[in-house]
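Visitor: Take a look at this one; I'll ask things after.
Please treat every number below as a calculation from the coordinates, not as lab data. Note that the coordinates shown come from a computational prediction; the quantities given were computed from them, not determined experimentally. Counting neighbours? That spans all protein chains shown, and the Cβs are built from the backbone with ideal geometry, glycine included.
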Amino acid sequence: MDKLVIEGGVPLQGEIRISGAKNAALPLMAATLLANGEHIFHNVPRLRDIRTMRNLLAHMGAACRHEDVLHIDTSDIHNLEAPYDLVKTMRASVLVLGPMLARHHRARVSLPGGCAIGARPINLHLAGLARMGVDVKLDHGYVIASADRLRGALITFDQVTVTGTENLMMAATLAEGQTVLRNAAREPEVVALAEYLCRMGARIEGAGTDRIVIEGVPELSPSTHTVIPDRIEAGTYMVAAGITGGNLRLVGCRPDHLEAVTEKLQQAGLVIETHNGTIDVRRDRPIRSVDVKTWPFPAFPTDMQAQFMSLMSLGDNVSTISEQIFENRFMHVLELQRMGADIELEGRVAMVHGVKKLSGAPVMATDLRASASLVLGGLAAEGTTEIHRIYHLDRGYEAMEKKLSAVGARIWRKREEE
C-alpha cells in the first residue's frame, strides 16, 4: 500500500492540465451496454474506478482497450451479472442496471460499495424501474430484476439523485413510450451522458433542467464521444493555488461548470480569471473566512466541501460549513485537527476557526475527497505530512502527485513498508 509524503510551505506556480471527469466517464461506459458494437471515448482518465468499470464490462463480455483512447466493444455481452467482487469498491457500478434491463431485459447486480461517506441507497433507482414495469427483488445483497419490455412512466424523485437520474435516463432510451423524470439531477455529468445517448440515436430533452423527457426508440447505435473535464479536480487545484498563496493556470477545463466554487473562492480572497478553457488562480492577500452550504448543482458541490474546509482552516475568522447532501461527510475533520486545524462539529455543520498555520502530521484518508483535503492541508503546512490509505485518492485524481510536483510541490509517493 502506498502513502504520500509532503513537505509543505511552497507556493505553487505554473500550469496544470485538467483530466477527463471520472463521474462523466463511468456512466458513459455503462451506456455502452445499450448498443452492440464499438464505442470510442476520448479524454478518459486513468483511474482505479475506470479500471474497475472496465473489468466489470469485460466480465459481462465486452472487449475493452484503453490506450490513448478507450475502445469498448459490446458485441458479445452474455453475462448479465455484476458480482460483488467487482462492485464492492465503487458505487457507480450500479449504473449498469438500467442499460442491462433496457437492452437485455434482465440483470443481477450486487448492491454497491465505495466511500464510507453516508447512506446512498439505490431505492430511488429501484422505485423508478418498478414504475417502468420492472420486477425487482433483493436477494442476499443482490438486485435481481427483469422485464419483458420497459414501459415509459412519469417518475418523480423524492430527492435529487445523480446516479438515479442517469440510470433511469439510460433505461428509458429503449423503453416503450415516453418517460418523464421530475426533480432530476442537473449536473454537467448528466448533460454529458444525455449528449452521448443522443449521439447513439436516443431522443432526450431537458437534460440540465429538473425535468427530463425521454421518448423511447427501438434501438441505439455505438458512437464516439469526448469526456468533459473534471470540474472537481479543477476546483481542487484552484484551492491548491489559494491555500499555498500560489499562482496557477488550469488548462482544459470548463469554467461554466465551476461558477459556484469560483464565487466562494473569490469571496475567500482568491483572484480568479476565466477564459475559454482556462482558469487563472492566485492569492496575494490573507484568506477570508466564508460560509458555505453544499447543495445539488448548480449550487456548491458536496465533492468540494472537504477541500474548501482545508482552505477555511487558515481563514481570518470563523467559517460555517453546512453539509446538506451526505450525513457522514466530515470524517476528514479529525485528520485536519491532527494538523492543527480548529474545527467544531455539530451534526451536519462544522464551525471552522481559522488558525495562523497548519503543522505537518501523519494522517489517514477516509474517502476520495477527504484524501484531497489532506493533500491540500499538507501543501500549506509547516513540516512533513504523511497521508496513508491513498488508494482512495487514486480512485478520482489522475497522477496528482506528478501534477503537483510539476508546479513546485515537494510531494512524493512511497510504499508503506519503506
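Visitor: Run the quick spin-label model on GLU346 and GLU215: label points 7 Å from Cα toward the beta carbon, then report their separation in nm to one decimal.
Guide: 5.4 nm
Visitor: Something else now. If R0 is 35 Å, what FRET efficiency do you get for GLU416 and GLU259 from their C-beta distance, rounded to 0.05?
Guide: The calculated FRET efficiency here is 0.30.
Visitor: Return ASP2, ASP85, ASP367 ranked ascending by Cβ neighbour count within 10 Å, so the fewest neighbours appear first.
Guide: Sorted ascending by nearby Cβ count, the order is ASP85, ASP2, ASP367.
Visitor: List, in order, the whole-Hz ³J(HN,Hα) value for each residue of segment 76-90 obtained from phi through the Karplus relation with A = 6.51, B = -1.76, C = 1.60 and θ = phi - 60°; use x for Gly and Pro.
Guide: 10, 6, 9, 10, 9, 10, 10, x, 4, 4, 8, 8, 4, 8, 8
Visitor: Using +1 on the beta carbon of Lys and Arg, -1 on that of Asp and Glu, and nothing else charged, what's the dipole of segment 190-323 about the Cα centre, debye to 20?
Guide: Value, rounded to 20: 300 debye.
Visitor: May I ask for the percentage of alpha-carbon pairs in segment 247-344 that lie more than 21 Å from each other?
Guide: Every Cα pair in segment 247-344 considered, those over 21 Å come to 36 percent.
Visitor: Counting each DSSP H run of 4 or more residues in the chain as -39500 (n - 2.57), what helix-only mean residue ellipticity at 222 nm follows after dividing by all residues, to the nearest 500 deg cm²/dmol?
Guide: -9000 deg cm²/dmol
Visitor: Figure the gain on full extension for HIS275 and ALA58 (residue separation times 0.36 nm, minus the Cα-Cα span) and round it to one decimal in nm.
Guide: 74.1 nm
Visitor: Taking θ as phi - 60°, what are the ³J(HN,Hα) couplings along segment 192-205 by the Karplus curve (6.51, -1.76, 1.60), each to the nearest whole Hz, with x for Gly and Pro?
Guide: Per-residue couplings from phi come out as 4, 5, 4, 4, 5, 4, 5, 4, 7, x, 6, 10, 10, 10 Hz.
Visitor: Related question: Assuming 0.890 mPa s and 25 °C, estimate D for the chain with Stokes-Einstein, Rh taken as the Kirkwood radius over Cα pairs, in µm²/s.
Guide: 112 µm²/s
Visitor: Let me ask something else about it. What is the diffusion coefficient of segment 22-226 in µm²/s, taking the Kirkwood radius over Cα pairs and the Stokes-Einstein relation at 10 °C with a viscosity of 1.306 mPa s?
Guide: It comes out at roughly 97 µm²/s.
Visitor: Can I ask one more? To check you understand DSSP bridge types, tell me what percent of the beta bridges within segment 22-226 (both residues inside) are antiparallel, rounded to 5.
Guide: Of all bridge pairs located within segment 22-226, approximately 70 percent are antiparallel.
Visitor: Further question: If amide hydrogens are placed 1.01 Å from N in the peptide plane, which non-local residues have theirs closer than 5 Å to the one on LEU174?
Guide: VAL217
Visitor: Now for a separate question. Dipole of the chain (Lys/Arg Cβ +1, Asp/Glu Cβ -1, origin at the Cα centre): which of GLY347, VAL136, HIS78 lies farthest to the positive side?
Guide: Most positive-ward Cα: GLY347.
Visitor: Can you put GLU195, GLU259 in order, fewest other beta carbons within 10 Å first?
Guide: With the sparsest Cβ surroundings first, the list reads GLU259, GLU195.
Visitor: Amide H of ARG17: which non-local residues (sequence gap of 5 or more, or other chain) have their own amide H closer than 5 Å, using H built in the peptide plane?
Guide: Residues meeting the criterion, in which the H sits 1.01 Å from N, are VAL251.
Visitor: What does the extension gain come out to for LEU138 and THR224, with contour length at 0.36 nm per residue minus their alpha carbon separation?
Guide: Stretched fully, the LEU138-THR224 segment lengthens by 27.4 nm.
Visitor: Using 0.36 nm per residue, how much length does the chain from TYR391 to THR156 gain when fully extended, once their Cα-Cα distance is taken away?
Guide: Extra length from TYR391 to THR156 when fully extended: 81.0 nm.
Visitor: Step by step: find N for segment 309-351, compute 2.2 N^0.38 Å, then divide the Cα radius of gyration by it. What's the final number?
Guide: Rounded to two decimals, the normalised Rg is 1.08.
Visitor: Once the Cβ-Cβ distance between LYS357 and HIS71 is put in as r, and R0 is 51 Å, what FRET efficiency do you end up with, to the nearest 0.05?
Guide: 0.55
Visitor: Follow-up. Just give me a number: lysine pairs in the chain, eight or more positions apart or cross-chain, with C-alpha atoms less than 21 Å apart.
Guide: 11
Visitor: Now for a separate question. Apply the Karplus curve 6.51 cos²θ - 1.76 cosθ + 1.60, θ = phi - 60°, to the phi angles in segment 354-364 and return the couplings in whole Hz, x for Gly and Pro.
Guide: x, 10, 6, 7, 9, 10, x, 7, x, 9, 10
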